[in-house]
Amino acid sequence: MTEIHKDQPKKKLGADCPESACRDQFESTLKKYEARLRQLQLEIVSRREENEKIVAENLKHNDELRDLNEALDQKVQERTIELELAKTDAEAQNEKLKEIGTSKEALMHMVVHDMKNPLTAILGTLGLCRGNRFQLAADVKGLLVDAHVQSVKLLCMVEEILTISRMQSKEFEVKPEPMDMVGLVQQSMSMMSLTTGGKKIFFRFEPAVTELYVLGDYPTIERVLNNFMNNAIKYAPSESEIVLEVGIQDNMAEIGVTNWGDAIPMEHQDRIFDQFYRVKADAAKYSGTGLGLTFCRLAIHAHGGSVGVQSPVPPKDHGAKFFFTLPLSAKPPEV
Ligand SMILES: Nc1ncnc2c1ncn2[C@@H]1O[C@H](COP(=O)(O)OP(=O)(O)OP(=O)(O)O)[C@@H](O)[C@H]1O
Ligand SMILES: [Mg+2]
């Protein structure tokens, strides 16, 4: 049993008193919390200030942005007006150029047309002189014959320019009728073999079909074929072959003329069908006007067909194959 001594010392209130310790601890914690609270309040105030600053800056940026937007809008509007004015200007100029082009073509047509009469008169006179009506020295007659030949060429050129001009102004109308393409190629081949200008040319006809009827205007198609053949002869080397083909391709008749001269450079292939366009190397070597293929293109297009060239011709690395297509005719021509 524990003994209770009366003279045991009483517990003092102080550092080692538990209540006092509790209070101290409580006060110290309270102080800490108060300090933390003040710190937080300070932080809140500083954050608020920062936020206010940011909001003020944002508002300023917004104002700047709005100003910039307004300036941009203004500039876009000004530029749009400028562009619209420039467009109207360009359209007016385009119209003017078209008018100039049309009147230039009309003028050229008129001049070329008016050349026909005096040229025909010169031709008639030269024709008379080169005949036997006058007693002329042989050398003078030779000169007159040359002049007559050149005048005939000039008249042909005049006719060609007038025809092309008519075709371009849509006045040109074709009256397609059934025609025998195999027969026309054979006939043209016989005629052309007589006019090779001294070149030794072998013609080979390779029809893929025995009969081929097309819808075409006979004299126009004959002229197209003769143009292709003339070119083939002109641009072929001597002692070479010209191959003529007829067949059916995509429900259209296709007529091809191949010669074995130099290949036509790719960059010229689209342009050789343009008026007056000639490959430079050929223009230096051969005479010509650059109108033949233009006539062919316009004439075939007027029939609803197409023209084209393939060069070089496989399997060789040279040569050119010119071809045109025409609508097929179900019926043969009327006799
Ligand atoms: N069969 C061909 N082989 C190689 N080049 C060709 C052939 N046919 C045409 N060309 C090229 O295309 C160009 C244009 O031909 P196009 O028939 O229009 O005019 P041209 O023969 O020069 O003169 P022309 O108006 O007297 O016929 C020619 O100058 C030539 O360079
Ligand atoms: Mg030609």
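The values are calculated or read from the model by the stated rules, or taken from the named source; none is laboratory data. The structure presented is a predicted model; accordingly, all values stated were derived computationally and were not measured. Cβ sites come from the backbone with ideal geometry, for glycine too, and all protein chains shown count toward neighbours. Just so you know, the surface numbers come from the protein's heavy atoms only, side chains and all, with ligands and any DNA or RNA stripped out. Shrake-Rupley method; radii C 1.70, N 1.55, O 1.52, S 1.80 Å.
Among all residue pairs at least 6 apart or on different chains, which show Cβ distances below 8 Å where the first residue, located in the stretch 288-302, is in the same structural domain as I221 (by TED's automatic domain parsing) and within 19 Å of M252 (Cβ to Cβ) and the second is near ligand 1 (Cβ under 8 Å from one of its atoms) and part of a helix (DSSP H, G or I)?
C296/N227; C296/F228; C296/F273; R297/F273
Which of (1) at pLDDT 95 or above; (2) over 24 Å from K285 (Cβ atoms) does T258 not meet, given it meets every other one?
The failed condition is (2).
Quick one: which of M192, M229, M179 is in contact with a helix residue (DSSP H, G or I) (Cβ under 7 Å, 6 or more places away or on another chain), at negative phi and modelled with pLDDT under 95?
Step by step, each of M192, M229, M179 is checked, and only M192 is in contact with a helix residue (DSSP H, G or I) (Cβ under 7 Å, 6 or more places away or on another chain), at negative phi and modelled with pLDDT under 95.
Looking at the structure I just gave you, is G319 modelled with pLDDT of 95 or more and on the phi > 0 side of the Ramachandran plot?
Details: modelled with pLDDT of 95 or more: yes; on the phi > 0 side of the Ramachandran plot: yes.
It is true that G319 is modelled with pLDDT of 95 or more and on the phi > 0 side of the Ramachandran plot.
Collect the residues in the stretch 163-194 that are surrounded by 13 or more Cβ atoms within 10 Å (Cβ to Cβ), hydroxyl-bearing (S, T, Y) and assigned by TED's automatic domain parsing to the domain that holds G292, keeping them in residue-number order.
Within the stretch 163-194, S188, S193 meet the criteria.
Can you spot a residue in the stretch 223-232 that is of a type in the set (F, W, Y) and either open to solvent by 30 Å² or more (accessible area, probe 1.4 Å) or over 20 Å from Y286 (Cβ atoms) (or both)?
No - not one qualifying residue is present in the stretch 223-232.
Looking only at helices (runs of 4 or more DSSP H) that fall completely inside the stretch 263-325, which ones have 1 or more residues that are within 11 Å of ligand 2 (Cβ to nearest atom) and buried (at least 20 other Cβ atoms within 10 Å of the Cβ)? Give the steps one after another, and end with the answer.
Values: elements: 266-269, 280-285, 292-302.
The helices (runs of 4 or more DSSP H) meeting that bar are 292-302.
Is it true that Y218 is under 26 Å from A263 (Cβ atoms) and open to solvent by 20 Å² or more (accessible area, probe 1.4 Å)? Spell out the reasoning first.
Details: under 26 Å from A263 (Cβ atoms): no; open to solvent by 20 Å² or more (accessible area, probe 1.4 Å): yes.
The answer is no for Y218.
From P207, P237, grab the single residue that is open to solvent by 50 Å² or more (accessible area, probe 1.4 Å) and closer than 15 Å to F323 by Cα.
P207
Got a sec? Which of I233, I221 is more than 12 Å from ligand 1 (Cβ to nearest atom) and not in a loop (DSSP other than H, G, I, E, B)?
I221
Can you find a residue that is in a helix (DSSP H, G or I), modelled with pLDDT under 90 and of a type in the set (K, R) anywhere in the stretch 141-164?
no
On the basis of being under 27 Å from T258 (Cβ atoms) and of a type in the set (F, W, Y), does F172 make the cut?
The answer is no for F172.
In this structure, is N230 assigned by TED's automatic domain parsing to the domain that holds Q187, touching a residue at least 40 places away in the same chain (Cβ under 8 Å), out of contact with any Cys (no Cβ under 9 Å at 6 or more places or on another chain) and within 12 Å of ligand 2 (Cβ to nearest atom)?
yes
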